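Down below is the structure, laid out as structure tokens.
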Amino acid sequence: MKFKLDWFLIGMGVAVALAWLFPAPGAAGGWTHPELLTKAGIALIFFLHGLALSFAALKAGTLRWPLHLVVQLCTFVLFPLIGVGLMAALDGRVSQELQWGVFYLCALPSTVSSSVALTAAARGNVPGALFNATLSSVLGVFLTPLWMAWAMRTSGTTMPLGPVILDLVYWLILPLVVGQLCRPWLGEWAKRNKAGINRADRGTILLLVYTSFCDSFQERIWAGHGWGLLVAVTLGSAALFAVVMLASGGVARALGFSREDRIAAMFCGSKKSMASGVPMAKLLFGAHAGLGVILLPIMIYHPLQLLLCGWLAGRWAREAPPSA
């Protein structure tokens, strides 16, 4: 499977560039009213997710509980524990916002669409990948803010956890449920217009990326940060990805997983969702001036994981037995 640079990855760079050139419209108090635009965009994203998600397709993967356990432990235990070590190592060496960003990356749920697509391309367990990616997205609404509240408390900052989780349920889970309830009437339309829904979903995320960086540039948070920061975060992201891929693969082999389950475990357990990460960050951190810095690790990890997983999917597909 060849990695193809799509318009969304290019769009991330364009969104950041526009925030640098024209920060005022998307910053707090700007004429785009980002405080309203953000929540409307988040609700739209998760409504579309609910509309496109067929829970009937999950049934085939529900019984593989050892696979589910490995994936969810990698996502919400192994990753955050590595994040704890990284925060300790970075303490005093980088800004507080970047420390939070590194840990936020580690605390995020797994992706849905790309995990399933890559598992299918590598001839792995697609129903298992779909079940785990979906479960991870739902668990992330509760576990990600819990981990972030702990991490921020250790650095002397408190997060009002109850209102934050209520906000996440209101703007993430509720639109997801409404989208799912609308499937009897709009499900066939969603299936026919999958490409258009995908573009609307990604376009909304790019809008949130733009507003996330506007306050950072307006408050000159990036002053003093050069290319060295991008290189360091990129190398750190690659190392993080490699550690979790090797760990999840090693555990899957030790437990005697089939080839198909091992592929699903490695792809779902090593990936982090920017589709959930950007909207969730807008709700968790609000109009924090350093939000752009907080989002930097996931924005670098996202294309990196697609590049590396795409290469691995192609390699594993070629090595698959004819019956796979």
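For the Cα trace of the stretch 69-223, dividing Rg by the Kirkwood Rh returns an Rg/Rh value of 1.00. Highest mean packing comes first when the peptides 291-299, 7-15, 39-47, 175-183 are listed by Cβ atoms within 10 Å, giving 291-299, 39-47, 175-183, 7-15.
Relative to the longest principal axis of the Cα atoms of the chain, helix 183-192 runs at roughly 90 degrees.
Here the average projected area of the convex hull drawn through the C-alpha atoms of the chain stands at 16.4 nm².
Which whole-number percentage describes the relative contact order of the chain, with Cα contacts under 8 Å and a sequence gap of 6 or more? Normalised by residue count, the contact order of the chain is 35 percent. For helix 126-154, what angle does its Cα long axis make with the longest principal axis of the chain, in degrees from 0 to 90 and rounded to 10? Long axis of 126-154 versus the principal axis of the chain: about 30 degrees. Report summary: the helix-based calculation at 222 nm, which adds -39500 (n - 2.57) for every DSSP H run with n ≥ 4 and divides by the residues of the chain, gives -24000 deg cm²/dmol. Each Lys or Arg adds one and each Asp or Glu takes one away; over the other residues whose Cβ falls under 15 Å from the Cβ of LEU78, this sums to +2.
Rule-based calculations on the coordinates, nothing more; no lab input. This one's a predicted model, so the numbers in the text were calculated from it and none came from an experiment. Don't worry about glycine lacking a Cβ; one is built from the backbone with ideal geometry, like all the others, and counts go over all protein chains shown.
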